[in-house]
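Input: a single structure, listed below in structure tokens.
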Amino acid sequence: MLNLKIATYLFLFMITCGLSTCKSPKEFKQTIYENNFDTGDITHLSNTKISTFNQSKVLGNFNNDGFELILNQIPTHDLIEISFDLYIHDTWDGNKTSNGIDGPDIWEMQIDGSPYIYTTFSNTICATTFCSPQSYPDDYPNNNHNPRSGAVDVLLPGFCSLKLISGGSTLYKIRKIIQHKNSSLNLKCLDHLIQTNVKPAICDESWSIDNLKIVSISLN
Ligand SMILES: [Ca+2]
Ligand SMILES: [Ca+2]
């Protein structure tokens, strides 16, 4: 009985689709940029600030700053995949709004001038105090998630003010696949961090990235 059912499905599949028209499109992937920053390679980057964090070279750290990556002469493609490690360092305040004193702490990724991520992160140590929520993994300002939501490592040391504290930095794996056909790509990552009552603010909250990879994908 079971074999009869399977045979019927196979027959219907062949009648409906034929043997060629139901094939899923083939993907051809090509890595067009890859950088772990360990060699100091700053080709195609607008901001060349490289630091050591957690025994690896990273791009950053940044506060009210960021970087731009410009790639030209990309082979013909339909999609672009962008992936990198995003480190959120020290005491970000997430969605908190305190009359412009310390939040919200916004991080943004733009591609060709359009925002693809516009969110907040919260990295407060909140065991005994008020715990400021963050928007990530969604966009700001429509969501209140717990601090470190969506993170893959929450036990890293801080970069500056929380340098000696486990949980002082948090690692997020960012991966976006977008429709894109232009032969050039402009990737921009930046922040709008607010911290008016601590100096230097970059010691209180900053970010960096590592293992930046851009892959072009063509479908046929
Ligand atoms: Ca590195
Ligand atoms: Ca802040």
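The values are calculated or read from the model by the stated rules, or taken from the named source; none is laboratory data. In this text the structure is predicted, and so the values were computed from the model without any measurement. In this analysis, Cβ positions are derived from the backbone assuming ideal geometry, glycine residues included, and neighbour counts consider all displayed protein chains.
Computed values, structure above
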{"read-out": "Residue that is farthest from ligand 2 (Cβ to nearest atom) [pool: residues in the range 69-85 that are touching a Leu at 6+ places or on another chain (Cβ under 7 Å) and among the charged types (D, E, K, R)]", "value": "Asp78"}
{"read-out": "Long-range neighbours under 7 Å by Cβ, at least six apart or interchain, first residue of a type in the set (Ser, Thr, Tyr) within the range 92-111, second at pLDDT below 95 and within 7 Å of ligand 2 (Cβ to nearest atom)", "value": "Thr97/Gly103"}
{"read-out": "Residue match in the range 173-184 (condition: closer than 29 Å to Gln55 by Cβ and β-branched (Val, Ile, Thr))", "value": "yes"}
{"read-out": "Those residues of the range 26-43 which are of a type in the set (Val, Ile, Thr) and near ligand 1 (Cβ under 10 Å from one of its atoms), in sequence order", "value": "Thr39"}
{"read-out": "Meets criteria (more than 16 Å from ligand 2 (Cβ to nearest atom) and not polar (S, T, N, Q)) for Ile88", "value": "no"}
{"read-out": "Hey, Pro141 surrounded by fewer than 19 Cβ atoms within 10 Å (Cβ to Cβ) and of a type outside the set (A, V, I, L, M) or not", "value": "yes"}
{"read-out": "First in the range 15-41 and closer than 18 Å to Lys181 by Cβ and in a strand (DSSP E or B), second anywhere and among the β-branched types (Val, Ile, Thr) and at pLDDT below 95, Cβ under 9 Å, 6 or more apart", "value": "Tyr33/Thr43"}
{"read-out": "Residue check for Ile209: of a type in the set (Val, Ile, Thr), loosely packed, with under 15 Cβ neighbours inside 10 Å and in contact (Cβ under 8 Å) with a residue 40 or more places away in the chain", "value": "no"}
{"read-out": "Residue that is away from ligand 2 (no atom under 16 Å from the Cβ), within 22 Å of Asp138 (Cβ to Cβ) and aliphatic (A, V, I, L, M), where the choices are Ile50, Ile42, Ile117, Ile106", "value": "Ile117"}
{"read-out": "Leu162 vs. criteria surrounded by 13 or more Cβ atoms within 10 Å (Cβ to Cβ), within 16 Å of ligand 2 (Cβ to nearest atom), farther than 17 Å from Tyr33 by Cβ and aliphatic (A, V, I, L, M)", "value": "yes"}
{"read-out": "Enumerated strands (runs of 3 or more DSSP E) restricted to the range 150-202, each holding at least 2 residues that are under 15 Å from Tyr116 (Cβ atoms), within 16 Å of the chain's Cα centre (by Cα) and away from ligand 1 (no atom under 16 Å from the Cβ)", "value": "166-179, 185-192"}
{"read-out": "Qualifying positions in the range 174-206 - surrounded by fewer than 17 Cβ atoms within 10 Å (Cβ to Cβ), touching a Gly at 6+ places or on another chain (Cβ under 9 Å) and modelled with pLDDT of 95 or more", "value": "Asn186"}
{"read-out": "Residue selected from the range 82-116 under the condition part of a strand (DSSP E or B) and hydrophobic (A, V, I, L, M, F, W, C), by the criterion surrounded by the fewest Cβ atoms within 10 Å (Cβ to Cβ)", "value": "Ile111"}
